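In what follows, a structure is listed as structure tokens, so that the remarks can point back to it.
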Amino acid sequence: MLTGQTVRHDAQGLAAAATLAEQNVRFAVPPAQPGTAYRPLDPASLPLEQLCCFKYARVVAADNTVIFGGQRLQLLPDHQHQRRSSAHAAVEVHEHLDGYLSVVYGGVCPHTMPAPLPRARRGRVPPTWRDPR
């Protein structure tokens, strides 16, 4: 099995490969159904921007803002759904691969705009304003 291997890590790598090949032969199971298990992706139903991003759960503050990574986003009123405030709502902040941030609430991206960070009183930031990230 260890044919001509002089270096220990080479011999270990060869032994691991041989063991893996033996295990594949021993434990292999044929598929129950032919074909692939992958489903085609329909870009119209799920845009890649929503799929290829980091998602973080947040709760909207009483002033309709979400703090994420040193940035503060103001959620604007949604006149179409008759919702004036999103205070205390659970949302997802999506950090896209290009660094862009978006907020998703109930499957919908409400309009947002940058907001200034709150000022600390006497050098302290209140615990409700700290970003847990």
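Each value in this text was obtained by applying a stated rule to the coordinates, not by laboratory testing. Everything numeric here is computed off the predicted structure, so don't read it as measured data. Neighbour counts are summed over all protein chains in view; Cβ atoms, including those assigned to glycine, are modelled from backbone coordinates with ideal geometry.
The dipole here belongs to the range 48-119: it is taken about the Cα centre, uses +1 on the Cβ of Lys and Arg and -1 on the Cβ of Asp and Glu, and is about 280 debye. Placing a label point 7 Å from the Cα of A115 along the Cα-to-Cβ direction, the residues of the range 31-63 whose backbone N falls under 14 Å of that point are 59-63.
Contact order, relative form, for the range 48-119: 36 percent (alpha carbon pairs under 8 Å, 6 or more residues apart, mean separation divided by residue count).
For F54 and N24, the difference between the fully extended length at 0.36 nm per residue and the C-alpha to C-alpha distance is 7.3 nm. Once you sort the root eigenvalues of the Cα gyration tensor of the range 48-119 as a ≥ b ≥ c, which label holds: rounded (a/c under 1.5), prolate (a/b larger than b/c) or oblate (the other case)? It is oblate, given that a/c is not under 1.5 and a/b is not larger than b/c.
Sorting the segments 91-103, 48-60 by their mean number of nearby beta carbons within 10 angstrom, highest to lowest, gives 91-103, 48-60.
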